[in-house]
Structures are given as C-alpha cells and as structure tokens.
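Each value in this text was obtained by applying a stated rule to the coordinates, not by laboratory testing. No experiment lies behind these values; they were computed from the predicted model shown. FYI the Cβ positions are ideal-geometry reconstructions off the backbone, even for glycines, and counts take in every protein chain you see.
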C-alpha cells in the first residue's frame, strides 16, 4: 500500500503582528469586535453572558495579558477567512504554553462557531463543557492542551490542525464529539497524558478520517470505559499507534497504523479490532489484543497476512 503524502500545514499558520497598540478590554462582551479596533488586549476575565452573542470579525487579534479566560455562556461566532484568520494568543514578546487560560464554553447556548481561527499559548485552547459548537479549519498550536471536551459536550471538530501542544491535542471525557479529518502532529512531548488524543470516562462519539503522526506518546488512547468509533484514520511514527486500557471498548476499524513503536496495544479493555492495516511497528503490530486478533490465518490477494477479523499485516 502506498502511503499518502500529506499536505504541508496550510498557509495561515505563519503570521506577523502589526505595530498597532492594543485596545484594553475586560468584563462582559457582546455585539461585534471589529477589525478597525484590532488588536484587542484582554486584561481580565471576559464573559459572553447567556442572553448575549459576540461576533469577531476576520483578521481580529485578541492578546491575553495574563492567565485570563474568555467565558462563553451565550453564543460566540469567531469566523475568519483563509486570508484573514482570527487570532487568540499571548501578549508577551516571548510566549509560552499556558500564558493565558483559554476559551471556555460553559454549558453555553448551542450554536457557537469557530472557523479559520488560531489559538496559541493557552492552558487549554478551547474547552467545551456541556456545550455544542463547531470548529472548522482552525489551528491549535503551542498550547498545553489543544482542546478539552467534557460533561456531555457534543462539538463537531473538523479539518483543523493540532500542533506542538505539550500535553495533549484533544481530551474527551463523558462526551460524544465528532472529530473528523484533522491533522494531529508533534503533540504530547511533555506532560502526564498518555496520548495526543485521549477518550476517557465513558466517552463516546467518533474519531474518523484523521491524520495522527509523530506524537511523543500514543496517537490515541481509549480508557476508563470509553467507547468511541475509531475509524479510517492514519497513525504514523507515534510512540504507540492506538492504546486501550481500563475497561474501554472502542470500535477500531479500517485504520492504517504505520511505523509506530507498538501498533495496537490493549491493557484491560475489550475493543473491536477489524479491517485495519498495520506494518513496520518497531516492537509489535498487535499487543495483548482480544483472542484471534493479530493471529494470522491467511494471505490476501496482495500477499499481506490476514487474521480472522480481516486485519492485515504487510
């Protein structure tokens, strides 16, 4: 099988900031943040109240001057364009992960949208806590955690980049997100989490069509009775490809798992593992998987070894 060459990270990742002085804002926000007032400097916690809506124009930059949070109880529409993304970042000249707290949708009114946004140097870029919303074509870079999804949250996260987030790219607890067609690279180099993407605490939802590569720990870990669908993803050059632990029961189907330390590894779980293609794992393609998974019983038309669940090993 030919490994696809993935596109370079899209152009809006690189940026420069103008020399304009920032307008200080804090407290309750509603209405519109216009490009004419940008950049905006957040000098305290800010709030979009339940009865309010905040719209942020393309090209706006929000710089957080400390460990402050944008709290959303109403609706937030941060919709940039490919040419003019919206930036949430630290205001320091030498920024570091955790400089500011993040964007926190706290049981917010459904319907918030993020498109062509860059979220950088936060503790957690966006937290969906009991909230819905949509994140599309956005960048989460140099945060401690790119995104947290918890407490029955149901966001849709698609076609976005998660790069160099030190602890984890995405963490899901007690929630059912749809995570589709994202690029998840170079995360989990320094932190307690076991993987770039973590589904725990009975989390469900879908993780489909993502590219997960060169992360310092596992590509994805399912634990604590999590049960997501993990399908049609590509895991390449991670410490481990897919790990399952503490009673998790994910469906792991139709994934490409290439050149990881371990391919699919199970420690106290009951996953469904079928129709996957594994090869060139440093240690083992399969480790401690359910009975008959990884036990090759035949050869397919391409000459690859095949188990009873149509998992293939090149």
Of the listed peptides 80-87, 145-152, what is their order by residue-averaged count of other C-beta atoms within 10 Å, with the highest listed first? 145-152, 80-87
Sorted by Cβ density within 10 Å, fewest first, the residues 186, 142: 186, 142
Would you mind telling me which residue in 47, 140, 162 has the biggest mean-square fluctuation in a Gaussian network model of the chain, where springs connect alpha carbons within a distance under 10 angstrom? 47
In µm²/s, what is D for region 48-95 at 25 °C and 0.890 mPa s, where D = kT/(6 pi eta Rh) by Stokes-Einstein and Rh is the Kirkwood radius from Cα pairs? 205
Could the peptides 49-56, 201-208 be put in order, highest first, of the mean number of other beta-carbon atoms found within 10 Å of their residues? 201-208, 49-56
For a quick size check, give me the Cα extents of region 18-105 along its three principal axes, largest first, whole Å. 37, 28, 21
Residue order, fewest to most surrounding Cβ atoms within 10 angstrom, among 77, 235, 88: 77, 88, 235
Restricting the calculation to Cα positions, tell me the Rg (one decimal) and the Dmax (whole number) of region 169-230 in Å. 10.7, 27
Arrange the following residues from fewest to most other Cβ atoms within 10 Å of their Cβ: 253, 67. 67, 253
Along principal axes, Cα extents of region 67-174, largest first, whole Å: 35, 30, 23
